[in-house]
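One structure below.
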Amino acid sequence: MKCEAEKNIFKNGFVNIAFEKYLLSKSEIINVGLRYNFSAAQGLISVRQSNKTTLLTQTARGSILYNTKANSITLTNQNSVGKGGLYFKAFLDLNNNGKKDNDEPAAPGLKFNIRGGRINRNLKILQLPYPDLRLSLTTLLKLIKVVSTI
């Protein structure tokens with residue numbers, strides 16, 4: 001038998017408690033923890049009591065993502081191991097060569113829907129990164145709206 005509960009206690013803080021009882025081995029485990037979600041990482045401290053053994057655990061997790069095209073580093077409190085991403089930069093291809101030339105303007109007003117990841121929007125530079133895509137799943141990216149700005 002296992003029972004778990006988690007309660008938000010701060011803006012980004014959580015307290016959790018879990019109880020497990022194993023009938024065959026006649027053992028019980030109780031776990032109490034405190035987790036805090038920072039912008040660039042998650043920290044967790046927990047105490048686990050199992051029969052006559054007490055265990056104190058401290059954990060930190062997060063990811064560092066490097067974008068070679070934009071030469072930028074992003075820190076996230078989510079685990080990104082085993083995940084990929086898509087990166088879009090919309091522009092008006094004036095000479096129809098399929099490449100972004102220096103004199104070609106950005107194309108604002110595109111709206112996408114994605115299933116299988118999350119959307120980060122940077123409207124200042126009109127770039128849409130789609131991180132946290134699981135590599136083993138099919139991802140559907142759909143252009144849902146073009147808003148004219150002319």
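Quick note: the coordinates plus some simple rules give every number you see, no bench work behind them. What you see is a predicted model; the values in this text were computed from it and never measured. Note that each Cβ is placed from the backbone with ideal geometry, even for glycine, and that neighbours are counted across all protein chains shown.
Assorted remarks:
- ³J(HN,Hα) computed for each position of region 37-45 - Karplus, 6.51 cos²θ - 1.76 cosθ + 1.60, integer Hz, glycine/proline x: 9, 7, 5, 10, 6, 10, x, 9, 10
- Estimated FRET transfer efficiency when R0 is 25 angstrom, pair N51-F14 (beta carbons, to 0.05): 0.40
- Once the Cα gyration tensor of region 2-61 is diagonalised, semi-axes √(5λ) in Å: 26, 12, 8
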